[in-house]
Amino acid sequence: MHIVYLHGFNSGPQSLKAGETAAWLRQHAPDIVLHCPRLSPHPAEAIRQADELVSGLPADTLLIGSSLGGFYATHLAELRGRPAALINPAVRPDRDLERFRGEQTNPYTGEVYTLGDDDLRALLSQRVAAPTAGRYWLLLGSRDETLDWREAAVHYRHSRQAVFNGDDHRLNNWPKVLPEVVAWARRRLSSQV
């Protein structure tokens, strides 16, 4: 089995959740191969990079996406027919990232870039209006300070959801729920083979 972890906006493979995922897999599921690519800050390029990776992996691949990475994971899950676990996913990043238009510095990578109109248009074009029922597992924090968890709950209303009361955008409960996410993915992927 393979897992592709897609990080969020101004994040990277060194993020805390990515590290927690890698550490848990090393200890409890060494048979799973984890891929955590450093995504371009430009959405069109980020999707191209992620799709190139996912399209080359076997059918037993789970996508995990956090925040903007959850938005990307949704796009790829629909494109490639893969299941996805989404951690506080962005639903309308074309709208939510508007306030970040202009020069940005990624604190994880140090990369300086400009978020522009083309980036926001690319996000709009990647949006999945009606996610496939049952393909996703949403993991939401009810005190998400970055995104409104209720928007994601409605958008993915036909998918499994877990709302962690009092948890925030970082989702501190991630290490506790990761074993169940992996078990869910194994069941789903084995039934598809």
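Screening the candidates 27, 49 for the property of being in contact with a Ser or Thr (Cβ under 7 Å, 6 or more places away or on another chain), at pLDDT 95 or above and of a type outside the set (A, V, I, L, M) yields one hit, 49. When residue 82 is tested against the conditions (1) farther than 20 Å from residue 10 by Cα; (2) among the basic types (Lys, Arg); (3) more than 13 Å from the chain's Cα centre (by Cα), the lone failure is (3). Suppose the filter is free of Cβ contacts under 8 Å to residues at least 24 places away in the same chain, loosely packed, with under 15 Cβ neighbours inside 10 Å and in contact with a Lys or Arg (Cβ under 8 Å, 6 or more places away or on another chain); does residue 102 pass it? In short, no.
Being open to solvent by 80 Å² or more (accessible area, probe 1.4 Å) and among the aromatic types (Phe, Trp, Tyr) is a property that residue 113 lacks.
Here is the figure for region 147-193: residues that are touching a residue at least 60 places away in the same chain (Cβ under 8 Å), surrounded by fewer than 16 Cβ atoms within 10 Å (Cβ to Cβ) and outside any helix (DSSP H, G or I) total 1. Whenever a residue of region 43-61 is closer than 26 Å to residue 97 by Cβ and among the acidic types (Asp, Glu), its partners that are at pLDDT 95 or above and assigned to a helix (DSSP H, G or I), lying with C-beta atoms within less than 7 angstrom and at least six residues away or across chains, give the pairs 51/76; 51/79. From the list 118, 94, the lone residue that is surrounded by 15 or more Cβ atoms within 10 Å (Cβ to Cβ), part of a helix (DSSP H, G or I), at pLDDT 95 or above and not aromatic (Phe, Trp, Tyr) is 94.
Of all the criteria given as (1) within 22 Å of residue 2 (Cα to Cα); (2) in contact with a Pro (Cβ under 9 Å, 6 or more places away or on another chain); (3) part of a strand (DSSP E or B), the one not satisfied by residue 104 is (1).
Can you spot a residue in region 76-91 that is under 15 Å from residue 138 (Cα atoms), in contact (Cβ under 8 Å) with a residue 12 or more places away in the chain and either open to solvent by 40 Å² or more (accessible area, probe 1.4 Å) or in a helix (DSSP H, G or I) (or both)? The answer is yes, given that some residue of region 76-91 is under 15 Å from residue 138 (Cα atoms), in contact (Cβ under 8 Å) with a residue 12 or more places away in the chain and either open to solvent by 40 Å² or more (accessible area, probe 1.4 Å) or in a helix (DSSP H, G or I) (or both). Just one residue in the set 15, 40, 11 is more than 17 Å from residue 112 (Cα to Cα), within 15 Å of the chain's Cα centre (by Cα) and surrounded by 15 or more Cβ atoms within 10 Å (Cβ to Cβ); that residue is 15.
The values are calculated or read from the model by the stated rules, or taken from the named source; none is laboratory data. Quick caveat: nothing in here was measured; it's all calculated off a predicted structure. Counting neighbours? That spans all protein chains shown, and the Cβs are built from the backbone with ideal geometry, glycine included. What goes into the accessible areas is simple: the full protein's heavy atoms, side chains included, and nothing from ligands, DNA or RNA. Shrake-Rupley method; radii C 1.70, N 1.55, O 1.52, S 1.80 Å.
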